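The values are calculated or read from the model by the stated rules, or taken from the named source; none is laboratory data. Please read all numbers here as calculations on a predicted model, not as lab measurements. Cβ atoms come from the backbone with ideal geometry, glycine included; neighbour counts cover every protein chain shown. Protein only, heavy atoms only, side chains kept; ligands, DNA and RNA dropped before computing areas. Shrake-Rupley method; radii C 1.70, N 1.55, O 1.52, S 1.80 Å.
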Amino acid sequence: MAFFKHLKTVTKHRRLVRKLCFKCGLIWQGLTHDLSKFSRAEFGPGAKYYQGDKSPQVKEREIFGYSAAWLHHKGRNKHHFEYWVDYLRGKRVYVEMPAKYLAEMVCDRIAASKVYLKDKYTEAYPLEYFERSADKEGMNPKTCEDLHYFLTMLKDKGEKYTLEQLKKYVKESKRTQ
């Protein structure tokens with residue numbers, strides 16, 4: 001039963017991200033978002049540790065102290081800031097995320113919040129989660145600032161406006177590359 005529940009959750013999440021990405025002009029990213037979740041390395045543990053109200057990776061971490069599925073996922077999906085950590089002379093380098101991946105990350109956070117919170121979702125929640133989480137550590141300062149800016153915009157001005165602004169942000173960044 002957990003297999004089908006996990007499949008439904010992943011499918012719903014991907015559908016929501018796709019819809020949001022399309023509104024930002026990110027067609028390819030919307031189509032390919034989180035395809036690695038269907039790999040053996042991610043789907044198996046996802047079904048095994050399925051919880052329904054949060055990521056299965058939380059349970060996997062509780063059991064093993066880390067999530068092998070997450071390590072696989074973050075290394076293949078550029079919309080996770082953890083993908084953008086490198087090393088130079090033994091020191092971590094936190095690379096600024098390109099605009100299109102930051103926009104996809106915003107869409108991902110909105111969709112994940114909607115999937116897990118269901119009718120309790122508010123446009124303030126993605127910002128609240130971001131502000132209370134420790135996952136800002138290891139994020140490039142500019143990426144962190146931009147993510148905070150767009151999540152605050154979501155809370156203050158709503159989804160439609162924020163997606164329009166993300167679309168402009170991505171388009172503008174293409175002109176400056």
*asked:* It is to be established whether one or more residues within the stretch 136-146 are at pLDDT 95 or above, open to solvent by 60 Å² or more (accessible area, probe 1.4 Å) and under 28 Å from L7 (Cβ atoms).
replied: no
_Step by step: first the residues of the stretch 89-98, then only those that are farther than 17 Å from D34 by Cβ and either in a loop (DSSP other than H, G, I, E, B) or touching a residue at least 40 places away in the same chain (Cβ under 8 Å) (or both), then the one that is most open to solvent (accessible area, probe 1.4 Å). Which residue is that?_
R89
*Can you tell me which residue among A111, A124 is without any contact (Cβ under 8 Å) to a residue 40 or more places away in the chain, more than 14 Å from D146 (Cα to Cα), open to solvent by less than 40 Å² (accessible area, probe 1.4 Å) and not hydroxyl-bearing (S, T, Y)?*
A124
*Conditions: (1) in contact with a Lys or Arg (Cβ under 8 Å, 6 or more places away or on another chain); (2) closer than 16 Å to L20 by Cβ; (3) without any contact (Cβ under 8 Å) to a residue 24 or more places away in the chain. F130 meets all but one. Number of the miss?*
(2)
_Can you tell me which of (1) assigned to a helix (DSSP H, G or I); (2) touching a Gly at 6+ places or on another chain (Cβ under 9 Å); (3) open to solvent by 30 Å² or more (accessible area, probe 1.4 Å) is the one Y149 doesn't meet?_
(2)
